[in-house]
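> One structure follows; several queries about it will come next.
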Protein chains: 2
Amino acid sequence: MIARSTKGNPCPVGILMDILSGPWTLYILWILSTAGPTRFGELKRRVEGISTKMLTERLRMLEQEGMIFRHYEPTVPPQVTYGLTERGQELIVILDQLNTLAERWYGSSTPQ
Amino acid sequence: MIARSTKGNPCPVGILMDILSGPWTLYILWILSTAGPTRFGELKRRVEGISTKMLTERLRMLEQEGMIFRHYEPTVPPQVTYGLTERGQELIVILDQLNTLAERWYGSSTPQ
DNA sequence: CCGTATCCTGTCGGATACTG
DNA sequence: CAGTATCCGACAGGATACGG
């Protein structure tokens, strides 16, 4: 991915922001945080409006970055479950603070 | 701007992320945080590689969002100085935490 | 059920030239 | 010095169809 936040400048928070700033990314993390481990289809339903392509793309990326895990159950039909890793949960803690700030500034509306 | 993070879903942290996730945005905030109030030309020099268009665009946006202030001094030639508002500084506090996390994950490299 | 592959369009953002 | 105006190519990402 292209470094959006800092255009490739090697700044740690920039790297992290480039990960989080992708479309739908926060949305996905938020759902995994509130709903716990979730299957692909369920995610697609919850993240309203996302395309299959985008969802898989975001999930692959988040997995590679160590934010989420992917559990594949080779049943018929197969079941794939995604959830937050420890790293992902650490992240959520701080995002929560950011959210608190944001609520103060923009008002508190909870995503359903 | 289009809501990237949550694709228009009214989530406070999403709104905030959509602001911060724009290209160069963090970079600019970071410089204003470390260097204090800075003039346009100086900013353009420090944010290496940014185009005039992008810089003004980002600055206008950040100003509108209340993150930075713009001080115009009508001398000849005119001097325009940008700096963090109180809101901007509140933000930096949390970004700092995010940075701490990021340094632990990606190693600490300081942007010059 | 959980994806991959392909096509196609809209927009982002760089380059460039010009002003008060 | 501190911007605005305009043009234009690249690519992100939606729609669609198909596969294990």
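> Which Cβ of chain B lies nearest the axis of the rotation superposing B onto A, and at what whole-Å distance?
Output: B:Ser21, 2.
> State, in square angstrom and to the nearest 100, the accessible area buried between chains A and B, both chains counted, probe radius 1.4 Å.
Adding both sides of the contact gives about 4200 Å².
> Per residue of B:90-99, how many C-beta atoms from partner chains lie within 10 Å of its own C-beta, taken as a mean? Don't jump to the answer; show the numbers that get you there.
Values: counts 3, 4, 0, 2, 7, 5, 1, 5, 10, 6.
Counting other chains' Cβ atoms within 10 Å and averaging over B:90-99 gives 4.
> At 1.4 Å probe size, with every protein chain present, just tell me what the per residue accessible area of chain B comes to in Å². Spell out each step's value before the answer.
Details: 5610 Å² over 112 residues.
I get 50 Å² per residue for chain B.
> Anyone know which of B:Val80, B:Val13, B:Val47 comes out most mobile in the 10 Å Cα GNM of chain B?
Of the options given, B:Val13 has the highest mean-square fluctuation.
> Using a 1.4 Å probe, how large is the accessible area of B:His71, given in Å² and rounded to the nearest 10?
Number for this one is 90 Å².
> Divide by every residue of the protein assembly as shown the summed helix terms, -39500 (n - 2.57) for each DSSP H run of at least 4, and state the resulting mean residue ellipticity at 222 nm, rounded to the nearest 500 deg cm²/dmol.
-17000 deg cm²/dmol
> If you place +1 on the Cβ of every Lys and Arg, -1 on the Cβ of every Asp and Glu, and leave all else neutral, what size is the dipole of segment B:12-106 about its Cα centre, to the nearest 20 Debye?
For segment B:12-106, the charge dipole is close to 300 debye.
> Roughly to the nearest percent, how much of the accessible area of segment A:3-112 is carbon and sulfur, given a 1.4 Å probe?
50 percent
> If each label sits 7 angstrom from Cα along the C-beta direction, how far apart, in nm, is B:Thr100 from its counterparts in the other copies?
1.3
> Choose one answer from B:Glu63, B:Glu90, B:Glu73: the residue with the largest mean-square fluctuation in a GNM of chain B with alpha-carbon springs under 10 Å.
Result: B:Glu73 has the largest fluctuation of those listed.
> Still on this model: Under the rule of at least 5 residues apart or a separate chain, name every residue whose amide H is placed under 5 Å from the amide H of A:Gln79.
Hits under the 5 Å cutoff: A:Glu73.
> Given H placed 1.01 Å from N in the peptide plane, which residues other than close sequence neighbours of A:Arg39 have an amide H under 5 Å from its amide H?
For A:Arg39, whose amide H was placed from the backbone, the distant partners under 5 Å are A:Tyr82.
> While we're on this one: What does the structure give for A:26-35 when I average, per residue, the other chain Cβ atoms found within 10 Å of the residue Cβ?
The per-residue average across the peptide is 3.
> Still on this structure, please answer the following. By accessible area of protein heavy atoms, probe 1.4 Å, what ranking do B:Ser108, A:Ser51, A:Ser21 get, highest first?
So the residues, ranked largest to smallest area, are B:Ser108, A:Ser51, A:Ser21.
> I've got another one for you. How much FRET efficiency would the formula 1/(1 + (r/R0)^6) give for A:Ser108 and B:Ser108, where r is the Cβ-Cβ distance and R0 is 45 Å, rounded to 0.05? Each step should come with its number before you reach the end.
On the way: r = 35 Å, r/R0 = 0.77.
Efficiency, from the Cβ-Cβ distance: 0.85.
> Now, a different point. Along Cα→Cβ at 7 Å, what distances in nm separate the A:Pro78 label point from those on the other copies, shortest first?
When each copy's label point is compared with this one, the spacings are 6.0 nm.
> Among A:Ile68, A:Ile50, A:Ile92, which one moves the most in a GNM of chain A with springs linking Cα atoms closer than 10 Å?
Top of the fluctuation ranking is A:Ile50.
> Moving on to the next point. Using Cα pairs under 8 angstrom and six or more residues apart, how large is the relative contact order of segment B:2-112, in percent?
21 percent
> First measure r as the distance between the Cβ atoms of A:Val93 and B:Thr75, then evaluate 1/(1 + (r/R0)^6) with R0 = 35 Å and state the FRET efficiency to the nearest 0.05.
The calculated FRET efficiency here is 0.15.
> Let me ask something additional. Is any residue of segment A:14-49 close enough, with backbone N under 19 Å, to a label point placed 7 angstrom from the Cα of B:Met61 along the Cα-Cβ axis, and if so, which?
Within reach of a label on B:Met61: A:14-27.
> How far is A:Ala35 from itself in the other copies, in nm, if each label sits 7 Å out from Cα along the Cα-Cβ line, shortest first?
Nearest to farthest, the other copies are at 4.5 nm.
The values are calculated or read from the model by the stated rules, or taken from the named source; none is laboratory data. From a predicted model like this one, the values you see are computed outputs, not experimental measurements. Note that we place each Cβ from the backbone using ideal geometry, even for glycine, and neighbour counts take in every protein chain shown. All accessible areas refer to the heavy atoms of the entire protein, side chains included, with ligands and DNA or RNA removed. Shrake-Rupley method; radii C 1.70, N 1.55, O 1.52, S 1.80 Å.
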